[in-house]
Amino acid sequence: MQYLPIFTKLENKPVLIIGGGEVALRKCRAFLKANAAITLVAPEFCSELQSLAADSIVTLKNKRFDESDLENTMLVVAATDIEAVNAEVAQLAESRNLFVNVVDDQPKCNFIFPSIVDRNPITIAISSAGTAPVLARRLREKLETLIPQHIGPLAQLVGQFRHKVKARFKHFADRRQFWESVFDSNVVSEVQAGNKENARAQLETMLDNTATPEGEVYVVGAGPGDPELLTLKALQLMQQADVVVYDYLVSDEIMELVRRDADLICVGKKAGNHSVKQEHTNQILVELAKQGKKVCRIKGGDPFIYGRGGEEVQVLAEHNVKYQIVPGITAAAGCSAYAGIPLTHRDHAQAIQFVTGHCKQDGQELDWEGLAKANQTLAVYMGVIKSPHIQAQLLAHGRAPNTPVAIVENGTRPTQRVVRTQLDQLAEAIASHDIQSPALLIIGEVAALHEQLAWFNKNNQISSFAQPITQVA
C-alpha cells in the first residue's frame, strides 16, 4: 500500500493553493466542501476565484510564490503550469514536513486526491496511487450507480441515535448487532421513501423493545479457495460475525473478506497434526454463542461434506444454540470444474462417489468392491497420504491399472496444479511431484478429459485473482 487512506477534518484549517487558474479552482472547490480556510497565491486569478474572494470565501494573494507563503499552513497544493514553480513548492513543503500535492505529478506528492463518491456523511474514496486515475474514475462511476442517494440521509438519521444506543447497550458487540437489525428493517425503506419521521419513530420503537442480542453460530462453507465462489449469504454473514472460527483450508483471500474487527480463532487441522481436537472446537462454538456473540464457523468446501459440520451442529442443537448452515461449493465440484473434468459424462461415467481417504480410527472399511466398478468417478478427499492404500485396494478389487487419474492440488486457487497419471502409478506420481494438501484425487475415465477441456487461465474466463497454473502430464 503506497498511500494510507485517511479522512482528515479540515474545517477552518489553513490550506494553501499555489495557482490561480482552472486547476487551482477545481482543487479549491474540493477543499470548500470540507470547509477549509483556503489561501491562494498567484500573479493572477480567474474570474471565479475572484468572485469567491469578493464573497470572503477564500483569500487571494496576488504575488509570486515564495517560501514565506508556507508559514501557518498544514497542507499545500501546487497547481500552476510552471514545472519549476511546482518543483520548488514540493521541495520546500517536504522540507517542512507539510502535506503537499503537485497536480498531475505523482512522484512529487506525499498525498493524492482520490476519486470520491459523496453521500454525505458517507464518503467513499478510490485511489490508484496516482498510476491510473482514469481507471479510478471509472470505478467511481460504477459505484455511483450502486450506492443509492438515500444512504446519506440514513446515515444522518442513525447518527442522531448513537448516544442513545450507546447508553442502551454497554457492549460494542450488542450495539453492532442492534445496528445490523436496523439496517435490515423498514427504517431503511422509510428513509428511501422520504418518510424521515416514520423512520425516526420506528427506530425509537426498536430501541425501546430490543432485548439483549442472542448468540448464534453461522456454519459457513467457504468453497475450495477462490473467493469469487463464495455465496452472497456466506459473505454477508462473514461480515456480521463478532468471532470467526476457521480452518487451515480457508484461503487467505477469503479470510481477507471477514470483518476487520472480528476476533479470529484458528482451529485448523492438517493431516497428522490436529492442532485443536474436534471436541474442543465444539465447546468453543457453544461457549462463544452463550456469551451472546455472533460466531462464523467458516470451513473450506462445504461444511456437510467431509467438513465435520454435522458433528458441530449436533452439539449446538444439544445446547439449544441458534445456528444457520450456509452450503459452499465442495472441493469435488470446484476442483473438477477448474481442472476441466466433468464428474459425470454419458460416455464415461454414469455415477459419482465422494470418498474420504481419512476415516476415523477403527472405522468401517470402505466398500472397495463397489468403488472399483468401471464407468463411475471417484472423488477422493484427503487421499494424498493414503494413496498407496487406495491404489492397492482399487487394483485388487478389479479396477483397470490404466484407469485415468487426475490429482488437483490447491484447486481453484492461484497455485492450482493438475497432475495427470493412471491408477497403477498414482502413489508414485504423488511422491515424484511432491503433491501437498489440499489435493483432490479424481479417479475414473472422465479424468482423461482434462487435456481436452482444461480452461482455467486459458480463455480469459478466469477468476479475477488467478495466476498461471501448472499442468503436469
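Since every read-out is calculated from the coordinates, none of them should be taken as a lab result. All of these numbers come straight from a predicted model, not from anything done at the bench. Here the Cβ positions follow ideal geometry from the backbone for every residue, glycine too, while neighbour counts run over all protein chains shown.
When Rg and the Kirkwood radius Rh are both evaluated on Cα atoms of segment 14-113, their ratio Rg/Rh stands at 0.92.
Per-residue packing, averaged as other Cβ atoms within 10 Å, sorts the ranges 104-114, 380-390 into the order 380-390, 104-114, beginning with the highest.
With a Förster radius of 56 Å applied to the C-beta separation of Asn35 and Ala317, the computed FRET efficiency comes to 0.50. Summary of packing: across the peptides 335-341, 195-201, the per-residue average of other C-beta atoms within 10 Å ranks them, highest first, as 335-341, 195-201. Dipole orientation for the chain: of the candidates Val419, Thr59, Thr205, Thr205 has the Cα lying most toward the positive pole (charges on Cβ; Lys, Arg +1; Asp, Glu -1). Loop-located GluC sites (Glu not before Pro) across segment 346-438 with a Cβ neighbour count of 12 or fewer within 10 Å are Glu365, with loop assigned by DSSP. Give the angle, between 0 and 90 degrees and rounded to the nearest 10, that separates the Cα long axis of helix 387-396 from the longest principal axis of the Cα atoms of the chain. Tilt of helix 387-396: around 40 degrees.
Radius of gyration over Kirkwood radius for segment 216-329, both on Cα atoms: the Rg/Rh ratio is 0.92.
Taking every DSSP bridge with both residues inside segment 1-117, close to 0 percent are antiparallel. Taking each of Lys164/Lys196; Lys142/Lys196; Lys233/Lys293; Lys9/Lys170; Lys170/Lys290 in turn, the alpha-carbon distance tops 23 angstrom for Lys142/Lys196; Lys9/Lys170.
Taking a ≥ b ≥ c as the square roots of the eigenvalues of the Cα gyration tensor of segment 158-237, is the shape rounded (a/c under 1.5), prolate (a/b larger than b/c) or oblate? Spell out each step's value before the answer.
Values: a/c = 3.01, a/b = 1.65, b/c = 1.83.
Oblate, since a/c reaches 1.5 and b/c is not below a/b.
Centre-to-centre separation between the Cα atoms of segment 75-127 and those of segment 1-24: 6 Å.
Report, in degrees rounded to the nearest 10, the 0 to 90 angle that the Cα long axis of helix 22-33 makes with the longest principal axis of the chain. So the helix axis and the longest Cα principal axis differ by about 80 degrees. Within the straight-line cut-off of under 17 Å between alpha carbons, the lysines reachable from Lys13 are Lys27, Lys33, sequence neighbours fewer than 8 places apart in one chain being disregarded. Protection proxy ranking of 162-172, 415-425, by the mean of other Cβ atoms within 10 Å over each peptide's residues and highest first, is 415-425, 162-172.
With only Cα atoms counted, the chain has Rg and Dmax values of 30.2, 95 Å. Charged side chains reduced to their Cβ positions (Lys and Arg at +1, Asp and Glu at -1) give the chain a dipole of some 740 debye around its Cα centre. Note on segment 216-329: with charges restricted to the Cβ of Lys and Arg (+1) and Asp and Glu (-1), its dipole about the Cα centre is near 220 debye. Counting only alpha carbon atoms, the long axis of helix 133-146 and the longest principal axis of the chain meet at about 80°. For Lys373, the lysines whose Cα falls under 30 Å of its own Cα, not counting residues fewer than eight places away in the same chain, are Lys360, Lys386. Computed from point charges on the beta carbon alone (+1 for Lys and Arg, -1 for Asp and Glu), the dipole magnitude for segment 14-113 about its Cα centre is near 320 Debye. Among the chymotrypsin sites (Phe, Trp or Tyr not before Pro) within segment 187-271, those in coil by DSSP and having at most 16 neighbouring Cβ atoms inside 10 Å are Tyr248.
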